[in-house]
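S.K.: First the structure, then my questions, so here it is.
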Amino acid sequence: MSASVPHDDIYYMRRLVDHVPSMLAYWDHETRCRFANRAYRRWFGVAPEQLLGRPIRELLGPQLYALNEPHILGALRGEEQLFERVVPGPDGVLRHSLAHYLPDRVGDRVAGFLVQVTEVTQIKQMQAQLLHEQSLRQHLEHHARELGALLTERGEMLDVLAHEVRQPLNNASAALQGLDSALAAGDPRAIAAPVERARAVLRQVTESLDNTLAVASLLARPDPIEREDTDIDTLIAVACADLAAGDRGRVLVERATTTRTASMDMSLMRLALRNLLSNALKFSPPGSPVRLRIADSDEPLALVLEVSDAGPGVEPGLVPRLFQRGRRSRASGAPQGQGLGLGLFIVRRVMELHGGHAELLRTGPAGTTFRLLVVQPEG
């Protein structure tokens, strides 16, 4: 006959707690174990019966005990403890746990405390995965916003392109019609003015197309730019060569430094300087000089270019948005229809790509001065 199995309350209670995956234990006021379930074997590799009478310090080891000691002392003072901890197991697995220490009050004293430690590794993994997914979603949303802004910019660029080019083309057409009329009349003296006007308008169209294409390139250009050691006088010469022949002699160069070369992207700096000189010539009285001053800076190490005109100054309302793309407004006293367009936006963007900046140094009835700071790489 087989031996009978006792089915009293203690038997069922033991069966229950040994099948609970959480660690359950009771530690007395001397922090010695009085009860532990089988989960301690999986977590610490120690059988429950081996824990009885042993202090908690031996089970946890010096490092883990030092972390848990404030909570143990708190529980023995009668204060319930709830905290998270990473518990290293005998199999090398790190288990994230949620520990709950419940003081056992007997009258006015604490006889010990009950321990429940639940593994929350999967929850932590799910939280980490959720955070990763949230970060990924935020990155995708940010990328979508950037793409949306880029599409908006491209749409605006088409509008600016139409505005920048349509009117000059109409002017060119009118100039050519005038030339046709002069040719039909057969009067050589009447031909010179329409020819010069056509040339001027075609230069304007070319300048507008150059600026529009440059802006498209600047919007797509990844940082950093490709620099090379460039002769400053050569830069000034090629920028001035882009100007109308009759305007080149109006540019007066003043050197306040003996520096001969600077690190830069030659093509971008040529475009920026040409735009700044072209604006200065456009808004100055006919025949008046435009001064280009070359200097340097030690803090930060930089090439400094200042362009000054003798014009009537910039309208106060225009100053805050002077370097914005596609903003057009007349300078004080300038003829209707002349505007800033893309030129100063290109100047600002080129300086930013060089680690520097463009600024309006001063403006007023006596003229306007812009300063370009081309920061030089260290070493």
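The values are calculated or read from the model by the stated rules, or taken from the named source; none is laboratory data. A quick note: this is a predicted structure, and the numbers were derived from the prediction, not measured. In this analysis, Cβ positions are derived from the backbone assuming ideal geometry, glycine residues included, and neighbour counts consider all displayed protein chains. To get the accessible areas, we keep the full protein, side chains included, count just its heavy atoms, and leave off ligands, DNA and RNA. Shrake-Rupley method; radii C 1.70, N 1.55, O 1.52, S 1.80 Å.
S.K.: Name every residue in the range 319-331 that is surrounded by fewer than 18 Cβ atoms within 10 Å (Cβ to Cβ) and at pLDDT 70 or above, in order of residue number.
M.R.: V319, P320, R321, Q324
S.K.: Kindly establish whether L52 is within 23 Å of D91 (Cα to Cα), crowded, with 16+ Cβ neighbours inside 10 Å and of a type in the set (A, V, I, L, M).
M.R.: Details: within 23 Å of D91 (Cα to Cα): yes; crowded, with 16+ Cβ neighbours inside 10 Å: no; of a type in the set (A, V, I, L, M): yes.
Criteria not met by L52.
S.K.: Hey, could you check the range 108-147 for residues that are touching a Ser or Thr at 6+ places or on another chain (Cβ under 7 Å) and hydrophobic (A, V, I, L, M, F, W, C) and say which is surrounded by the most Cβ atoms within 10 Å (Cβ to Cβ)?
M.R.: Applying the filter and picking the extreme gives V117.
S.K.: Go through (1) surrounded by 15 or more Cβ atoms within 10 Å (Cβ to Cβ); (2) at pLDDT 90 or above for A334 and report which single condition fails.
M.R.: It fails just one condition, (2).
S.K.: Can you tell me which of (1) open to solvent by less than 10 Å² (accessible area, probe 1.4 Å); (2) in contact with a Ser or Thr (Cβ under 9 Å, 6 or more places away or on another chain); (3) not aromatic (F, W, Y) is the one L277 doesn't meet?
M.R.: (2)
S.K.: For P286, only one of the following conditions fails: (1) touching a strand residue (DSSP E or B) at 6+ places or on another chain (Cβ under 7 Å); (2) open to solvent by 70 Å² or more (accessible area, probe 1.4 Å). What is its number?
M.R.: Of everything listed in (1) touching a strand residue (DSSP E or B) at 6+ places or on another chain (Cβ under 7 Å); (2) open to solvent by 70 Å² or more (accessible area, probe 1.4 Å), P286 misses just condition (1).
S.K.: With (1) farther than 24 Å from V106 by Cβ; (2) touching a Gly at 6+ places or on another chain (Cβ under 7 Å); (3) open to solvent by 20 Å² or more (accessible area, probe 1.4 Å) as the list, and H29 as the residue in question, which single condition is left unmet?
M.R.: So the condition that H29 fails would be (1).
S.K.: Of everything in the range 231-252, what is more than 19 Å from L202 (Cβ to Cβ) and either surrounded by fewer than 14 Cβ atoms within 10 Å (Cβ to Cβ) or in contact (Cβ under 8 Å) with a residue 60 or more places away in the chain (or both)? Give them in sequence order.
M.R.: D231, I232, D233, T234, A237, G249, L252
S.K.: Tell me which residues, restricted to the range 34-49, are open to solvent by less than 20 Å² (accessible area, probe 1.4 Å) and either within 17 Å of L98 (Cβ to Cβ) or at pLDDT 95 or above (or both).
M.R.: Here is the first cut: in the range 34-49, the ones open to solvent by less than 20 Å² (accessible area, probe 1.4 Å) are 36-37, 39-40, 43, 47-48.
Listed by number, the residues that qualify are N37, A39, Y40, W43.
S.K.: Of all the residues that make up the range 68-101, how many are surrounded by 14 or more Cβ atoms within 10 Å (Cβ to Cβ), closer than 28 Å to M126 by Cα and not small (G, A, S)? Spell out how you get there, then give the answer.
M.R.: We begin by selecting, within the range 68-101, every residue surrounded by 14 or more Cβ atoms within 10 Å (Cβ to Cβ); these are 68-69, 71-72, 74-76, 81, 83, 85, 87-88, 95-101.
From the residues that got through so far, the ones that are closer than 28 Å to M126 by Cα too are 68, 71, 81, 83, 85, 87-88, 95-101.
Narrowing further to those that are not small (G, A, S): 68, 71, 81, 83, 85, 87-88, 95-96, 98, 100-101.
Residues flagged as surrounded by 14 or more Cβ atoms within 10 Å (Cβ to Cβ), closer than 28 Å to M126 by Cα and not small (G, A, S) within the range 68-101 amount to 12.
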